[in-house]
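The next block holds one structure in the form of structure tokens; read it before the comments.
Throughout, read-outs are computed from the coordinates displayed, never taken from laboratory work. All of these numbers come straight from a predicted model, not from anything done at the bench. Cβ placement follows ideal geometry from the backbone for every residue including glycine, while neighbour counts extend to all protein chains displayed.
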Amino acid sequence: MPSASKLTPRRWPLGGVERLWRHPAFPYVAPFALFLLLLSLQDYLLFLEAWQAPLRFAALGAVLLLVSRRVVDLRMASPAATVALGLVVFALWIAPDLLWPGYRQHWLFDNRLLGSAANPHNRILSESGMFIVFRLLRAVVIVPVVEELFWRGWLMRWLVHPDFQSVPLGAYTRRSFWWTAILFAMEHGSYWEVGLIAGVAYNWWMIRTRRLGDCILAHAVTNAALSAYVVLYGQWQYWP
């Protein structure tokens, strides 16, 4: 008669990929990592021409659905005020360029480290209806979810405590608030100063509402207004 130990299935240690997949931070971080990867490769994807927009939309949407669906919470505490906040952030985003022509060409915003606000690629593709539709969808539907999962859903809590799941949404420390805002600003390159304002606004709104859904909606409203401004007035530099 075989012993009980021989009848017990052997448990093999988890492989690196499986450990990564099961890590609590993975659904918060993976879409953002892909988002940054696609941004870094955009100069190498120019051969796709207008097709790069639907392909990037599809890739990010697939990762959100497959990996992050269970952690996306769209419930909101204050939708009307959230829409208003999104519009205020949009107004602040474009205000410096409207008030001071040539403002964005100052060396503080246009340099080797931050790059340039000028974006000839999207201007070239501006005549493609497919590119515009999918670029708008990515800005309004995909990017707010990807970024809010990472910045407010994960990083802001992880900076409070590495066991971020034990930290409630909207928990505040000066360290978590300001590092998240500063890193969010750095992500936006030549627009770092308005990115900092947006990061502070979204962080404050997370603390006030304690809802990921409110931050996603505020971000989506900002991006929707900015996308409309881009298309209506040909301000393609606002679309990375």
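Ranked by the mean number of other Cβ atoms within 10 Å of their residues, highest first, the peptides 202-209, 64-71, 222-229 come out as 202-209, 222-229, 64-71.
Listed values (1) 21.2, 69; (2) 20.5, 87; (3) 17.2, 52 include one computed from this model; for Rg and Dmax of the Cα atoms in Å that value carries the label (2). Once you reduce the stretch 126-156 and the stretch 184-227 to the center of their Cα atoms, the two points are 12 Å from each other.
Hydrophobic, long helices, defined as DSSP H runs whose alpha-carbon span along the helix axis is 24 Å or greater and whose mean Kyte-Doolittle value is at least 1.6, occur in the chain at 79-99. In the chain, helices alone account for a calculated mean residue ellipticity at 222 nm of -17000 deg cm²/dmol, with every DSSP H run of four or more residues adding -39,500 (n - 2.57).
A Förster radius of 35 Å combined with the Cβ-Cβ distance from Q165 to S116 puts the calculated FRET efficiency at roughly 0.30.
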